[in-house]
Amino acid sequence: MRHTLTSLASAYELEHVKRAPAGGRDFMARAAAYQERLAQRPDLRHWSLIDDADPGDDGPTRVLDGDLDAWTRLGEGPNRGAWRMARFNRPGQEEQPGGALTWRELAYHYGPLTEDDQ
């Protein structure tokens, strides 16, 4: 599925995003990636960076972020319900993804999010 979704990097290459004012280009790229994903995979659930209402136990257990990195919902323990990057082990990655994030933090900092069907 990852290859059929628009990544944030790909969204920056869209003409209408390139034409956006420099100060709004990040938001435009995120919005464009969200819109592209809706069109590409209408069968999946998608969340924009402003969709900060936690879907809770009825929500997905795994999502893909703007870079198509997978995040998993923690099902037990002290951080139950929080999200952690599934494969966070690369040297040089920013520190934040190694920790558990709330849905709001995940959506805002790493959105758009798409339900992972794998």
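Worth pointing out:
- Taking amide H atoms as placed 1.01 Å from N in the peptide plane, the amide H of THR6 lies under 5 Å from those of ARG37, each 5 or more residues away in sequence or on another chain.
- Normalised contact order of the chain, rounded percent, pairs of Cα under 8 Å and 6 or more residues apart: 30 percent
- Simple label model, 7 Å out from Cα along Cβ direction - THR102 to ILE50, nm: 1.9 nm
- Given charges at Cβ of Lys, Arg, Asp, Glu: the chain dipole, positive-most of GLY24, ALA39, TRP103: GLY24
- Between the exposed loop cleavage positions of the chain, defined as GluC sites (Glu not before Pro) in a non-H, G, I, E, B DSSP state with at most 10 neighbouring beta-carbon atoms within 10 angstrom, the longest gap is 1-75.
- Karplus (6.51, -1.76, 1.60) ³J(HN,Hα), θ = phi - 60°, over region 19-24, in Hz, Gly and Pro reported as x: 7, 5, x, 3, x, x
- The angle between the Cα long axis of helix 25-40 and the longest principal axis of the Cα atoms of the chain comes to about 80 degrees, rounded to the nearest 10.
- Given +1 at the Cβ of Lys and Arg, -1 at the Cβ of Asp and Glu and no other charges, the dipole of the chain around its Cα centre is 240 debye to the nearest 20.
- Under Karplus coefficients 6.51, -1.76 and 1.60, residue-wise ³J(HN,Hα) of region 10-18 in Hz, glycine/proline x: 5, 5, 5, 8, 5, 4, 5, 6, 4
- Debye intensity ratio I(q)/I(0), log10, region 1-79, q values 0.11, 0.25, 0.27 Å⁻¹ (C-alpha model): -0.33, -1.25, -1.36
- Couplings for region 99-108, taken from phi via the Karplus curve 6.51 cos²θ - 1.76 cosθ + 1.60 with θ = phi - 60°, read x, 7, 10, 6, 4, 4, 5, 4, 4, 6 Hz in order; Gly and Pro are left as x.
Read-outs: derived from the displayed coordinates by stated rules, not from any lab. In this text, all values refer to a predicted model and were calculated from it rather than measured experimentally. Neighbour counts run over all protein chains shown; Cβ positions are idealised from the backbone, glycine included.
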